[in-house]
Ligand SMILES: [Zn+2]
């Protein structure tokens, strides 16, 4: 892990910094000092959001757990603090095993565009995970507290840097139960379908041992390829294109997260995510196992891509 390599140098600087600040009696940010920083958003806040959403307290963010109320309240509050006025989109989650019908809630907010306000880019991430199984809590830090926290960071970025097109931000529920929240969203769009130019979906973006982040969807949407190739050149992560050819079978990710619901409605999409890791859908998908440096650079790369898409004349 590259992050650990830098750690010793940083540690020396921190010890020195703390000694100095102790002498002059200011500063108390030892933890923050060793974290990655970003010029685009508050990286420390981003990491805090992942940590909170993936804490045992949230019981794996599943509609069948009482703590889901807590998770939903947190998502709603953070969207509001990011400058949105989220509305709740409620729907029923059909159960495979019982007759009890659970309620799902998507949170949806907007930022108005400066030049082409009547055209939309929809930025999405699912906030639910798989809950508690056999007494073990599945915290879902990478899947998908990482994408949810990124949604807050990206909303606050565009609140400060007004886009040309209007943006819709949606935090989806019940992805893990079969893309239920996003299916409901595309069947009950808050704007005309024709006015939606693109869906940008994020699901699992906080760790990869090779430093690779995938952008999936240029197979179906080749017109977006040159944009991503330009972003690729400046990206601080290894941005790769692929996992979208139906010939790949299980390795075709097109319908494996919420972008699939948009694709089914013929709405262009780009999905950002990493390849599966050893903690995927295991109780060990914990905050301690995400890679802060990679994660922060991945979110910066997604913002750069969103900016580039926003500048397109669709
Ligand atoms: Zn996921």
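Summary of computed values
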read-out	value
Computed lengthening from residue 276 to residue 233, 0.36 nm per intervening residue step minus Cα-Cα distance	13.0 nm
Bridge type composition, segment 67-185 - antiparallel percent by DSSP, nearest 5	65
Difference of contour (0.36 nm per residue) and Cα-Cα distance, residue 98 to residue 191	30.0 nm
Protection proxy ranking of 101-109, 138-146, 156-164, 203-211 - average other beta-carbon atoms within 10 Å, highest first	138-146, 203-211, 101-109, 156-164
Per-bin percent of Cα-Cα distances, segment 41-91 [10 Å]	24, 49, 25, 1
Paramagnetic reach from residue 159 (point 7 Å along Cα→Cβ, amide N under 11 Å) across segment 36-50	none
Sequence ranges 242-251, 219-228, ranked by mean other-Cβ count within 10 angstrom, highest first	219-228, 242-251
C-alpha center-to-center spacing [segment 141-202, segment 238-291] in angstrom	15
Residue 85 versus residue 209: modelled label distance in nm, points set 7 Å from Cα along the beta carbon direction	4.9
Enclosed volume per residue, in Å³, of the convex hull spanned by Cα atoms of segment 87-241	143
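Computed from the coordinates by the stated procedures, all read-outs in this text should not be read as laboratory data. Just so you know, these numbers come straight off a predicted model, no measurement behind them. Cβ coordinates were reconstructed from backbone atoms using ideal geometry, including for glycine residues, and neighbour counts include every protein chain displayed.
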